[in-house]
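> Pasting a structure below so you can have a look.
The values are calculated or read from the model by the stated rules, or taken from the named source; none is laboratory data. Just so you know, these numbers come straight off a predicted model, no measurement behind them. So basically every Cβ, Gly included, is an ideal-geometry build from the backbone, and we count neighbours across all protein chains shown.
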């Protein structure tokens, strides 16, 4: 097999990232036999049709993994994050998910997640330097 050249980039295209996502999903689905993966995204747009808030991730194998969750600074502390989180949880339950996972930093919104029933299941110290990276989980009941 010929040696392949390594190419380092600081600006991968969305298509390149999606290619890797697709290959990982194919591998994971083949290894587990679980093929129910779907993206889940909810956006809030402002008067100019810009994204003012959003939550997205994917459901797969009975789990919803939140990958991005953001609310524009001027819209924070007004209940918008709660509305997004509750809507995403509702959709995850509809899809048969039994738990939600996410990673957050200690300087982001761990108190919001705790208020909504998330528990810390793992901590990585000094990531980033001087802070902690938290893996959170919320177990979902049969109905709600």
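> Determine the pairs where a residue that is loosely packed, with under 11 Cβ neighbours inside 10 Å, located within the stretch 31-48, has a partner that is at pLDDT 95 or above and in a loop (DSSP other than H, G, I, E, B) with Cβ atoms under 8 Å apart, the partner being 6 or more residues away or on another chain.
32/61; 38/95
> Let me confirm something: among 96, 117, 141, which residue is out of contact with any strand residue (DSSP E or B) (no Cβ under 7 Å at 6 or more places or on another chain), without any contact (Cβ under 8 Å) to a residue 24 or more places away in the chain, part of a loop (DSSP other than H, G, I, E, B) and surrounded by fewer than 16 Cβ atoms within 10 Å (Cβ to Cβ)? Step through it out loud before you land on a result.
Details: 96 fails: without any contact (Cβ under 8 Å) to a residue 24 or more places away in the chain; 117 fails: out of contact with any strand residue (DSSP E or B) (no Cβ under 7 Å at 6 or more places or on another chain).
Answer to the selection: 141.
> To continue, here is another question. Residue by residue through the stretch 49-84, note down the ones that are farther than 24 Å from residue 95 by Cα and touching a residue at least 12 places away in the same chain (Cβ under 8 Å). Step through it out loud before you land on a result.
Initially, the stretch 49-84 is screened for residues farther than 24 Å from residue 95 by Cα, giving 49-52, 71-79.
Of everything in the stretch 49-84, those that are farther than 24 Å from residue 95 by Cα and touching a residue at least 12 places away in the same chain (Cβ under 8 Å) turn out to be 52, 71, 72, 75.
Per-residue answers, yes or no, for (1) touching a strand residue (DSSP E or B) at 6+ places or on another chain (Cβ under 6 Å); (2) under 25 Å from residue 136 (Cα atoms); (3) surrounded by 13 or more Cβ atoms within 10 Å (Cβ to Cβ):
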site: 1; (1), (2), (3): no, no, no
site: 16; (1), (2), (3): no, no, no
site: 23; (1), (2), (3): no, no, no
site: 26; (1), (2), (3): no, no, no
site: 60; (1), (2), (3): no, yes, yes
site: 71; (1), (2), (3): yes, yes, yes
